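Each remark here refers to the structure printed beneath this line.
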Amino acid sequence: MHLPNCVLMSVLLMISHGLLVHGPFGPLVAPLGSSVVLPCYVDEFLPMKDLEVEWRRTDSETLVHLYQDGKSRPEAQQQDYHDRAHFFTDQIQHGNFSLHLDNLRAEDEGRYTCTVYSQQDSGKTVITLKSADRLLVSGSDEPISVFVGEDITLNCSVDSHITPEHIEEVSWKKTDEDEDILVLLYQNNETLPDSSDERYRDRVEFFTDEIPKGNFSLRLKNVRTEDKGVYLCEVFAGGLSANATAVLEQLGFSVSHIMVLILCISASGSALLLCCLIYCRSPYKGTNNLFFFFFFFFED
Ligand SMILES: *[C@@H]1O[C@H](CO)[C@@H](O)[C@H](O)[C@H]1NC(C)=O
Ligand SMILES: *[C@@H]1O[C@H](CO)[C@@H](O)[C@H](O)[C@H]1NC(C)=O
Ligand SMILES: *[C@@H]1O[C@H](CO)[C@@H](O)[C@H](O)[C@H]1NC(C)=O
């Protein structure tokens, strides 16, 4: 670009962005479901003729609300904001173009630009909106070791301002490389035991008394070797989702299992010894005696 052009551009930009539009000093924080006012105003008097105010999402360019030709233009609004975003109509003549946003949703989080066009001038302000609610889910930090046949608890707790009635779904899944196995599902204030994969049917449950506290820990009964792996607890509430994992590793054998194993080994040992004795003492040291060996071995 040639220098004179550059200067000309800058001058034009200065002219067209000459309007000083004010917004809030910092990000706005509000709880989900509440109403919030996004401030946008000018100090100077602006003629109503040709006045245009445009509220957009900065990230997506979505049109949130528009004031044009002396009135609000709800028909231009993006669907999501219909009936939820309003101007204070009687305030517009005083240079107050604040936006009233109802029933705040998680997806409303982000940056908004309020642009004011007045005859030759225009100006804008950018507002950051954050939701006060964060969905936090905590699980079991340490991998869990367990014995086959035992019962265990996999932790999953929802920590947020969201009350349990507003928890839409909690799903426990076992995440294998090739597939996700549904272990247990909670939906619309109900546990759905029939949703469980047959591998977990009748072996899993929530602690019913703990659910109102947002504790969706899972009881897994009669642990099997193939239960080893990573379990995902995924929570959906108020348009948000969060998850926690629990790792089930080192499926050991319990003392009783080990006892049985030792007994087996010693029994086979004795059998072998017996075989040897028979073999050594036998007058017919031929291939036939192998029969005895196998007989005793498999007898065990
Ligand atoms: C704009 O109008 C709203 C609604 O009356 C009010 O809450 C807000 O304080 C006003 N803002 C300014 C800067 O006057
Ligand atoms: C959730 O409930 C289980 C079972 O009663 C308990 O072991 C666990 O500590 C609870 N978790 C929290 C965070 O309260
Ligand atoms: C679990 O949550 C993390 C963020 O905490 C996210 O990156 C990840 O995709 C989630 N996993 C699943 C399977 O939803």
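Taking only alpha carbon atoms, segment 84-197 gives an Rg to Rh ratio of 1.23, where Rh is the Kirkwood radius. Here segment 15-132 is assigned +1 on the Cβ of each Lys and Arg and -1 on the Cβ of each Asp and Glu. Its dipole about the Cα centre then comes out at about 180 debye.
How many percent of the accessible area of segment 74-216 is carbon or sulfur, using a 1.4 Å probe?
Values: 3240 of 7770 Å².
That share works out to 42 percent.
Karplus-based coupling profile of segment 66-77, in residue order and whole Hz: 9, 10, 8, 6, x, 7, 5, 10, x, 5, 8, 5, with θ = phi - 60° in 6.51 cos²θ - 1.76 cosθ + 1.60 and x standing for Gly or Pro. Of the trypsin sites (Lys or Arg not before Pro) found in segment 90-127, no site is in coil according to DSSP while having at most 10 other Cβ atoms within 10 Å of its Cβ. Distance between the C-alpha centres of segment 57-131 and segment 22-36: 13 Å, rounded to the whole angstrom.
Modelled spin labels at E205 and F147, positioned 7 Å past Cα toward Cβ, are 2.2 nm from each other.
Once the Cβ-Cβ distance between H86 and S241 is put in as r, and R0 is 35 Å, what FRET efficiency do you end up with, to the nearest 0.05? The pair H86/S241 has a calculated efficiency of 0.75. Distant-in-sequence amide contacts of L32, defined by a placed amide H-H separation under 5 Å and a gap of 5 or more residues or a different chain, comprise A132, D133. Residues in segment 200-212 carry Karplus couplings, in order, of 10, 3, 6, 10, 10, 7, 8, 8, 3, 5, 8, 4, x Hz; the curve used is 6.51 cos²θ - 1.76 cosθ + 1.60 with θ = phi - 60°, and Gly or Pro positions show x. What distance in nm lies between label points placed 7 Å from Cα along the C-beta direction at E198 and L273? In this crude spin-label approximation the distance works out to 4.7 nm.
If the chain linking S35 and L263 were pulled fully straight, counting 0.36 nm for each residue of separation and taking away their Cα-Cα distance, it would gain 75.0 nm. Remark: spin-label model distance K228-Q119 equals 8.0 nm, labels positioned 7 Å along the Cα→Cβ axis.
The values are calculated or read from the model by the stated rules, or taken from the named source; none is laboratory data. Keep in mind it's a predicted model, so treat the numbers as computed, not measured. Here the Cβ is made from the backbone with ideal geometry for all residues, glycine too, and neighbour counts use every protein chain on show. Side chains included, ligands, DNA and RNA excluded: accessible areas come from the protein's heavy atoms. Shrake-Rupley method; radii C 1.70, N 1.55, O 1.52, S 1.80 Å.
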